[in-house]
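The values are calculated or read from the model by the stated rules, or taken from the named source; none is laboratory data. This is a predicted model, so every value here is computed, not measured. Cβ placement follows ideal geometry from the backbone for every residue including glycine, while neighbour counts extend to all protein chains displayed. Side chains are part of the model used for accessible areas, which takes the heavy atoms of the whole protein and leaves out ligands, DNA and RNA. Shrake-Rupley method; radii C 1.70, N 1.55, O 1.52, S 1.80 Å.
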Amino acid sequence: MGEALRHLDNYGSSPEAPVLAEALARFLVARCESHHAGWRVVRQVVVDSAADAPWEKCARRAVPLVAADLLSLSETEGRTPLHRAQHVAARRRAEEIAPHVDQARVLKDLGLEPAADVDEDRWREAIAGAVKARSREQVARALEDSLDVGRASAASGQDD
């Protein structure tokens, strides 16, 4: 994996680079399940919210985005470490799943007030940013910070 990333970094402008980038992207997107703790936490938060998300379809849609990101990184960033490439894949997976998630439900499940004025792009960015979290509480804090929402009051009734 490291060798493939180094090759892409060195030869990102070659004609075969998009093929390698797509193969790497497929691998990294699939690898999120086992090697990106932040993605796993965000995924569990979404699952806990009873979202009926098309997980595999969204993963497939993330692949070309990750491939483009890898090519872009190879042109501008120099060496791309594996952990950075994996994080790019996790962010893209989160972005693709975001439209299928009920914002209000997720926020309520995390003890946050629903955000009335959050558009789809802002929600997508907030969910993608939450993949840096390592726990449910960190996901809540990341969403709270990104969306400027507050904690729900204890009297709001958590027994729904």
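What the table shows:
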item: Matching residues in the range 73-107 - criterion: being over 27 Å from Val118 (Cα atoms), open to solvent by 40 Å² or more (accessible area, probe 1.4 Å) and in a helix (DSSP H, G or I); result: Glu75, Thr76, Leu82, His83, Arg84
item: Search result, residues across the range 1-21 that are open to solvent by less than 50 Å² (accessible area, probe 1.4 Å) and in contact (Cβ under 8 Å) with a residue 60 or more places away in the chain; result: Gly2, Leu5, Leu8, Asp9, Gly12
item: Any hit, the range 121-135, residues being open to solvent by less than 10 Å² (accessible area, probe 1.4 Å), under 15 Å from Arg43 (Cβ atoms) and not in a helix (DSSP H, G or I); result: yes
item: Subset of the range 74-120 [within 15 Å of Leu24 (Cβ to Cβ), modelled with pLDDT of 95 or more and of a type in the set (Val, Ile, Thr)]; result: Val88
item: The one condition in (1) at pLDDT below 95; (2) within 24 Å of Leu112 (Cβ to Cβ) that Ala4 fails to fulfil; result: (2)
item: Members of the range 22-55 found to be open to solvent by 80 Å² or more (accessible area, probe 1.4 Å), within 14 Å of the chain's Cα centre (by Cα) and over 15 Å from Met1 (Cβ atoms), listed by number; result: Arg40, Gln44
